[in-house]
Structures are given as structure tokens and as C-alpha cells.
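Here the structure comes first, spelled out in C-alpha cells, and everything after it is commentary.
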Amino acid sequence: MAERFESLKTGALAGLSLAFAFFLTTLLNNLVLAKSFELLSSLAIDSLNLQWLVRLGIVCFSGLLFGVTYRYIIRSDKNPQIKAGGVLAFGLVRGLSQVDVGLSCSGTVVPFVVLAVESVLWFGLAAFFLDTAMKLGWIKPFP
């Protein structure tokens, strides 16, 4: 039961980390990218609506799954390649699926490539927060 609780804490922290990253990138997209580059204008979000809330829910759930999996991936290992592999696996799966949707539904794929890069950065930020929490002893790595 203690291991399940640690996994839940890890998942919750990762979900919050991805939500934080989502807010930051949404703000960056609205204030900088969408206004500066016409090709990226589709990244702008006009208002907080149901679609935005669903996206936030998906982001939080993805973070929860990443956190639980990341804890089991890295265990007590100090190998940076394993950590990077976990981040890239989640980031690329999410990001490349967005590029695939962009190729299928849109005339331009550039905004979706930006979203793919964001996805990798999100999971990298979550991994940083999880590693920091483990170093501080807030979360215990899987033995």
C-alpha cells in the first residue's frame, strides 16, 4: 500500500507539472507565437471554454500516467539515458500523434510540430520536478 501511495504522489506531482507547463506554453503561444507568426495563429486560444478544459484534463491525466511510469522506469538508477528515454517516449508519442493529426486535417503541419516540441518539453519539465522531489525526499524512488 505504501508503494501505491508513493506512485499516487508521483503521478499527482507530474500531473501538476504538466498542467503548469501547459499554462506556460498556452500563454507563450497566445502572447508571442500566434501574434508574431501568422503561420502559428491557430495556436491562439480565444477563451476558456469546454475544449480548453478537456485539453487540460488530458494533460493532467497524461502527467499522472507519466509520473507513475517514470517512477518505475528510473527506480534507484542514476543512468541519464533511462531518464531521457522515458521523457522522449512519452513526449514523442504525444507529439508525433499531434503531427499525424496535423498531416491529416490541416494544410500546414508547422503548428503541430510546435505542439510536438512542446510535448517533449512538458515531460522534460515534469521529469525535472520529479527528480528534484526525489532528491528532496518528498517522493521515494521505486526500490
Taking a crude spin-label model, label points 7 Å out from Cα along the C-beta direction, the THR132 to SER106 distance in nm is 3.0
Can you figure out the FRET efficiency of PHE37 with ARG75, using R₀ = 41 Å and their beta-carbon distance, to the nearest 0.05? 0.45
Work out, step by step, the length gained on full extension between ASN30 and LEU50: first 0.36 nm times the residue separation, then minus their alpha carbon distance; give nm to one decimal. 5.4 nm
Enter the Cα centre distance for the pair the stretch 92-111 and the stretch 1-19, rounded to the nearest angstrom. 29
Helix 80-105 sits at what angle to the longest principal axis of the chain, using alpha carbons and giving 0 to 90 degrees rounded to 10? 30
Under unit Cβ charges (Lys, Arg +1; Asp, Glu -1), what dipole magnitude, rounded to 20 debye, does the stretch 2-136 have relative to its Cα centre? 380
Of (1) 0.96; (2) 1.39; (3) 1.02, which is the value of Rg/Rh (Cα atoms, Kirkwood Rh) derived from the coordinates here? (3)
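Which of the trypsin sites (Lys or Arg not before Pro) across the stretch 1-105 are loop residues per DSSP, with 12 or fewer other Cβ within 10 Å? Let's see the in-between values first.
On the way: sites: ARG4, LYS9, LYS35, ARG55, ARG71, ARG75, LYS78, LYS83, ARG94; in loops: ARG75, LYS78.
Hits after loop and neighbour filter: ARG75, LYS78.
Counting other beta carbons within 10 Å of each Cβ, put ILE73, ILE58 in order, fewest first. Please list the in-between numbers first.
Values: ILE73 18, ILE58 13.
Taking fewest neighbouring Cβ atoms as first place, the list is ILE58, ILE73.
So, in the chain, how many Lys pairs have Cα atoms under 25 Å apart, if the pair is 8 or more places apart or on different chains? Please list the in-between numbers first.
Values: LYS9/LYS78; LYS9/LYS83; LYS9/LYS135; LYS9/LYS140; LYS78/LYS135; LYS78/LYS140; LYS83/LYS135; LYS83/LYS140.
Lysine pairs satisfying the spacing and distance rule in the chain number 8.
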With r as the distance between the Cβ atoms of LEU96 and PHE142 and R0 = 30 Å, compute the FRET efficiency 1/(1 + (r/R0)^6) and round to 0.05. 0.65
Applied in sequence order to the stretch 118-131, the curve 6.51 cos²θ - 1.76 cosθ + 1.60 (Karplus, θ = phi - 60°) yields integer Hz couplings, x standing for Gly and Pro, of 4, 4, 5, 5, 4, 5, x, 5, 4, 5, 4, 5, 5, 4
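FYI, it's all coordinate maths here, none of it is from the lab. All values derive from a computational prediction rather than experimental measurement. FYI the Cβ positions are ideal-geometry reconstructions off the backbone, even for glycines, and counts take in every protein chain you see.
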